[in-house]
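Each remark here refers to the structure printed beneath this line.
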Amino acid sequence: MKSTLAQIEDIKKNGYSLDFATVFNHAFENYKKIALYSGLIILVFSILAAMAFMGIMIAYFGIGSLTRDFLMDLENQQFTSIELVIQTLVVSAIAGITAPFGAGFLKMADCADKDIQFNVSTIFSYYKAPYFAQIFVAAFIPALVGTALSNFIDSFEILYVGNVISFMVSYFMYLSIPLIVFGNLSAIDAIKSSITIVTKNPLNIFAFFIIGFIGSLIGIFGCCIGIIFTVVFNSSMIYATYFGIFGINAEEEDSIDSIGKSNLD
């Protein structure tokens, strides 16, 4: 079996093809296996995150910070350059710290696809060396670039351009995390490889990117709370796209056991 980097080199030279129906069906079947369990996990951790957020807001701003008017004023507040730099760093750090949690749903998708039992601890599979550092960097750098560019554009009061920039950064980073957790690439190699893969088949990847995004939001129409059970569809779509390119048997060994001889070395 070729290494992931060797396969990336082949993609650079020869490109690759994806069958839309095969990838979509794979994603949907995978999603059905993990939707309920992942939804319950997201529900629990959403409640814990909301409680933590309210606690921080009350501790920092006081009980009045929970009013709608206060939150609206905070959202519309004009930040200084230093405050924007701090905001950018904080947002990027949060993206990096939470990325292994999101990667855990990819691990869950992989277990479901291979009929391997999974549980709550599966979500935290990548909060350990050597994965955490690589995933943190792979999420931190794009978030830093996207947020910085977005804030810079927004400072000129140009509507929506900042959002488009952030959207495009996410698009080109579509496969960076699975390239780390399944392909055993370093963060920098994963970022570069994701850009290569996207640019070699931009329309198909964009279609899967949009479908995954829209599919994850469908739950909004189920009294909003339904989104906790549909948001993981995006993870299944990313998973199916990755293995549509590299093959379902690309990871024969458990990557935690084989990491010593992987591309992260």
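The values are calculated or read from the model by the stated rules, or taken from the named source; none is laboratory data. If you're wondering where the values come from, they're calculated on a predicted model, not measured in any experiment. Ideal geometry is used to build each Cβ from the backbone, glycine not excepted, and the neighbour counts take in all protein chains shown. Accessible surface areas use protein heavy atoms only, side chains included; no ligands, DNA or RNA. Shrake-Rupley method; radii C 1.70, N 1.55, O 1.52, S 1.80 Å.
The table below lists the values:
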{"quantity": "Complete set of residues in region 161-176 that are over 14 Å from residue 189 (Cα atoms), buried (at least 18 other Cβ atoms within 10 Å of the Cβ) and either of a type in the set (Phe, Trp, Tyr) or touching a residue at least 24 places away in the same chain (Cβ under 8 Å) (or both)", "calculated": "169"}
{"quantity": "Qualifying residue in region 209-222 (condition: aromatic (Phe, Trp, Tyr), in a helix (DSSP H, G or I) and within 20 Å of residue 110 (Cα to Cα))", "calculated": "yes"}
{"quantity": "Positions within region 140-160 being at pLDDT 85 or above and either in contact with a Cys (Cβ under 7 Å, 6 or more places away or on another chain) or open to solvent by 40 Å² or more (accessible area, probe 1.4 Å) (or both), in sequence order", "calculated": "140, 141, 144, 145, 148, 149, 152"}
{"quantity": "Number of positions in region 1-25 that are open to solvent by 50 Å² or more (accessible area, probe 1.4 Å) and in contact (Cβ under 8 Å) with a residue 60 or more places away in the chain", "calculated": "9"}
{"quantity": "Pick from region 46-57, criterion open to solvent by 70 Å² or more (accessible area, probe 1.4 Å) and either modelled with pLDDT of 90 or more or in contact with a Leu (Cβ under 9 Å, 6 or more places away or on another chain) (or both), ranking: farthest from residue 109 (Cα to Cα)", "calculated": "54"}
{"quantity": "Residue count for region 151-192, restricted to those that are closer than 26 Å to residue 124 by Cβ, small (Gly, Ala, Ser) and assigned to a helix (DSSP H, G or I)", "calculated": "4"}
{"quantity": "Count of region 177-198 residues which are open to solvent by 30 Å² or more (accessible area, probe 1.4 Å) and in contact with a Lys or Arg (Cβ under 9 Å, 6 or more places away or on another chain)", "calculated": "0"}
{"quantity": "Some residue of region 101-116 being over 18 Å from residue 175 (Cα atoms), open to solvent by less than 30 Å² (accessible area, probe 1.4 Å) and modelled with pLDDT of 95 or more", "calculated": "yes"}
{"quantity": "Given (1) in a helix (DSSP H, G or I); (2) within 18 Å of the chain's Cα centre (by Cα), index of the condition residue 128 fails", "calculated": "(1)"}
{"quantity": "Pairs where the first residue, in region 90-116, is closer than 18 Å to residue 128 by Cβ and the second is buried (at least 22 other Cβ atoms within 10 Å of the Cβ) and aromatic (Phe, Trp, Tyr), C-beta under 6 Å, 6+ apart", "calculated": "100/126; 103/126; 106/239"}
